[in-house]
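Trainee: Would you mind keeping the following structure in view while I ask a few things?
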Amino acid sequence: MFSRLLPVWSFFLLLTTLHPVAAVWPAPQSYTKGNTTLYLNQNIKVTYNGAFLPYTYGYVPSGFSSKEVVQAGVSRALSGIFESKFVPWVLHKPNSKFEPDVYQGQNWLKTLEIIQKAEDKPSAFKPLDNEVDESYNLTISTAGDVKLTAISSIGILRGLETFTQLFYQHSTGTSWYTPYAPVAIQDAPKFPHRGILLDTARHFFPVDDILRTIDAMAWSKLNRLHIHVTDSQSWPLVIPALPELSSKGAHHPSETYSPADIERIQKYGVHRGVEVYFEIDMPGHIGVVSLSHPELIVAYNEQPYYWWCAQPPCGAFKLNNSAVDDFLEKLFDDLFPRLHPYSAYFHTGGDELNKNDSMLDEGIRSNKSEVLQPLLQKFIDTQHSRVRKAKLTPVVWEEIPLEWNVTIGKDTVVQSWLGGASVKKLTAMGHKVIDSNYNFWYLDCGRGQWLSWDNGLAFETGYPFNDWCNPVKSWRLIYSHDPTAGLTEEEAKLVLGGELAVWSETIDPMNLDTIVWPRASAAGEVLWSGRIDPATGQNRSQIEATPRLNEFRERLVKRGVRASPIQMQFCVQGEAWECEYPM
Ligand SMILES: *[C@@H]1O[C@H](CO)[C@@H](O)[C@H](O)[C@H]1NC(C)=O
Ligand SMILES: *[C@@H]1O[C@H](CO)[C@@H](O)[C@H](O)[C@H]1NC(C)=O
Ligand SMILES: *[C@@H]1O[C@H](CO)[C@@H](O)[C@H](O)[C@H]1NC(C)=O
Ligand SMILES: *[C@@H]1O[C@H](CO)[C@@H](O)[C@H](O)[C@H]1NC(C)=O
Ligand SMILES: *[C@@H]1O[C@H](CO)[C@@H](O)[C@H](O)[C@H]1NC(C)=O
Ligand SMILES: *[C@@H]1O[C@H](CO)[C@@H](O)[C@H](O)[C@H]1NC(C)=O
Ligand SMILES: *[C@@H]1O[C@H](CO)[C@@H](O)[C@H](O)[C@H]1NC(C)=O
């Protein structure tokens, strides 16, 4: 045991940190708990700003008033406790006594008093990053009174999720309890933008899979779902003004999102404090438009693909063709007014534009940066002014400012993925940044190639068939990444947060959950709680985090998400130190 090597005082410190800690993922900024057991039943009296709030099972709000959002949050929190049937034997040694004696007299939770200290601004339900205050305080007294305070209804949702995670079901099957009273929590997020990017073009994800992903995001206190909705491989998005886009561009008519589907996904997110925003990646990654509008696209399905793009079937907008503009005007006039009620952002893409494509464009015939750059600048200026006119804020991939030197507006958010010094460069230039460093936060990586190699020399070239971003980003690696590492204080302020990328070449509804969860939750803790633990001033420790993530993973599974295990069951049932690398 390594503790022998350390001074006596640290032994006590270690004892407290090594002991299985209770619940709550991501870690609250400050959290104290006791050891009194309190039971919960459906008679708990819930009030919201003094008014009685009925616990309506399965309550789904019809609108977006603060009261409806809070009432739905209470309904989900309580049914999350009553229905998930989480008897936590799996967190304890076999044959150990891990639960209270239910026949020894039960002390009940009596009241859940919810106080929202300010009125929600209209932007609370479709905020720009930093526009909504998600902080909350939660206390549970040994006398059975719960108090939850927040500034916004979204903060209340965050606090209700924390509340849910304090409870277990008793093995008798008809009692629910928290063993942790009294509880005192003060909490607020480190970063305002805590997201997942879901690619629905390489594989289609039915609405239900997206809604389940939104649920698990809200449980992890993630709050932005970025849907990379189209790419060169498919166009699943139905645009009533341009129906040929999806009728010719979807993988199959069954694999499309109608306007009603999009609205349903966005509203579902709003009710859970998860803002859903969309990306139409351009001017590259848009080859699929060639199937309905071949005159707008260059290099579609050209071979060998790697001369023209990063993966088949290639295709980019022609950058010197006014028909592209007319097309985009029609597209955006249809789409933006439908997205605007529920999102603040629209992502115009801009990654991996290959200079060679314009060699094939009869309107340009050049692959020279100095020829292409002004055309791209004009393209971005025009499209971003359309985004702004629709009262949305543009987001672009980092290549637009860093590789192409395109000037973008002060409002524009830049999503970084290439790692290295990119975030530093972007923030030094004064850009607001979302970090998706592929070395840490690409969840698709490390599971091998999807390209096939012929026998012979090709086989030798490809062997052992790793993918470009090998290896897998384990939760530990994901958890080690601090998006603000190496930045000055001024630069760090410009980092709005990050997104985990779910590029879906080899991901579909069958393996979505196991690939995303609980790894996205690990980044969720970095983004909500911060990489540095304010209590110690040190990087958060895997040893402290592991039992909590094990517990959170069990809760994900109990709540209907097929999350992967992160340790063998011996470790889940054991003490953290038993599965610690013995230095
Ligand atoms: C509960 O906590 C109190 C105060 O820290 C302590 O004195 C007591 O021994 C604990 N009881 C149990 C059963 O752990
Ligand atoms: C939480 O409690 C702290 C300390 O009392 C207080 O400063 C803060 O305003 C409270 N926050 C909320 C959302 O109630
Ligand atoms: C661009 O295309 C030419 C053929 O026209 C090819 O030789 C060259 O390698 C391509 N450039 C890149 C970066 O692939
Ligand atoms: C530009 O095109 C020329 C001629 O095909 C080719 O040799 C060169 O590699 C291309 N440059 C890039 C950056 O692809
Ligand atoms: C763009 O097209 C116009 C004619 O439509 C032509 O005059 C101009 O030279 C082209 N620009 C480039 C960079 O090729
Ligand atoms: C952008 O600027 C960098 C640094 O000045 C330069 O190396 C690069 O060639 C420029 N790219 C374009 C497309 O002008
Ligand atoms: C946290 O870990 C990073 C490496 O992941 C390291 O560079 C940094 O110094 C550590 N911070 C502290 C406060 O220990």
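Trainee: Quick test of your reading of the structure: V423 fulfils all but one of (1) buried (at least 18 other Cβ atoms within 10 Å of the Cβ); (2) part of a loop (DSSP other than H, G, I, E, B); (3) in contact (Cβ under 8 Å) with a residue 40 or more places away in the chain. Name the failing condition by number.
Mentor: Exception for V423: condition (2).
Residue-by-condition table, conditions (1) open to solvent by less than 10 Å² (accessible area, probe 1.4 Å); (2) assigned to a helix (DSSP H, G or I):
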site: I154; (1), (2): yes, yes
site: L157; (1), (2): no, yes
site: Y177; (1), (2): yes, no
site: A181; (1), (2): yes, no
site: A184; (1), (2): no, no
site: K190; (1), (2): no, no
site: F204; (1), (2): no, no
site: D208; (1), (2): no, yes
site: R212; (1), (2): no, yes
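Trainee: Assess whether T461 counts as being of a type in the set (S, T, N, Q) and in a helix (DSSP H, G or I).
Mentor: Considered against the rule, which asks whether it is of a type in the set (S, T, N, Q) and in a helix (DSSP H, G or I), T461 comes out as yes.
Trainee: Given the options F86, F98, F64, name the one that is in contact with a helix residue (DSSP H, G or I) (Cβ under 6 Å, 6 or more places away or on another chain) and open to solvent by 20 Å² or more (accessible area, probe 1.4 Å). Outline the logic, then answer.
Mentor: Numbers: F86 fails: open to solvent by 20 Å² or more (accessible area, probe 1.4 Å); F98 fails: in contact with a helix residue (DSSP H, G or I) (Cβ under 6 Å, 6 or more places away or on another chain).
After applying the criteria, what remains is F64.
Trainee: Please state which of the following conditions F167 fails to meet, knowing it meets all the rest: (1) open to solvent by 20 Å² or more (accessible area, probe 1.4 Å); (2) closer than 22 Å to P26 by Cβ; (3) in contact (Cβ under 8 Å) with a residue 40 or more places away in the chain.
Mentor: With respect to (1) open to solvent by 20 Å² or more (accessible area, probe 1.4 Å); (2) closer than 22 Å to P26 by Cβ; (3) in contact (Cβ under 8 Å) with a residue 40 or more places away in the chain, F167 is out only on (1).
Trainee: Counting just the residues of region 464-497 that are of a type outside the set (V, I, T), assigned to a helix (DSSP H, G or I) and open to solvent by less than 70 Å² (accessible area, probe 1.4 Å), which one comes out nearest to A563 (Cα to Cα)? Step through it out loud before you land on a result.
Mentor: Restricting attention to region 464-497, the residues satisfying the condition of being of a type outside the set (V, I, T) are 464-471, 473-477, 479-483, 485-487, 489-494, 496-497.
Right, trim to assigned to a helix (DSSP H, G or I) and you get 475-477, 479-480, 489-493.
Adding the requirement that they be open to solvent by less than 70 Å² (accessible area, probe 1.4 Å) leaves 475, 477, 479-480, 491-492.
Numbers: W475: 12, L477: 18, Y479: 17, S480: 20, E491: 35, A492: 32 Å.
Here the residue is W475.
Trainee: Same structure again: If a residue has to be open to solvent by 30 Å² or more (accessible area, probe 1.4 Å), outside any helix (DSSP H, G or I) and within 16 Å of ligand 6 (Cβ to nearest atom) to count, how many in region 345-363 make the cut?
Mentor: 2
Trainee: Identify all residues within region 35-61 that are on the phi < 0 side of the Ramachandran plot, free of Cβ contacts under 8 Å to residues at least 40 places away in the same chain and open to solvent by less than 80 Å² (accessible area, probe 1.4 Å); write none if there are none.
Mentor: A51, P54, Y55, T56, Y59
Trainee: Among all residue pairs at least 6 apart or on different chains, which show Cβ distances below 6 Å where the first residue, located in region 405-420, is within 16 Å of ligand 7 (Cβ to nearest atom) and the second is of a type in the set (S, T, N, Q) and open to solvent by less than 20 Å² (accessible area, probe 1.4 Å)?
Mentor: G419/N437
Trainee: So, in region 344-378, of the ones that are within 13 Å of ligand 5 (Cβ to nearest atom) and hydroxyl-bearing (S, T, Y), which residue ends up nearest to T407 (Cα to Cα)?
Mentor: Only one residue tops the list, namely S369.
The values are calculated or read from the model by the stated rules, or taken from the named source; none is laboratory data. All values reported here derive from a predicted model rather than from experimental measurement. Cβ: placed from backbone, ideal geometry, glycine included. Neighbour counts: every protein chain shown. Quick note on the areas: whole protein, heavy atoms, side chains included, nothing else; ligands and nucleic acids left out. Shrake-Rupley method; radii C 1.70, N 1.55, O 1.52, S 1.80 Å.
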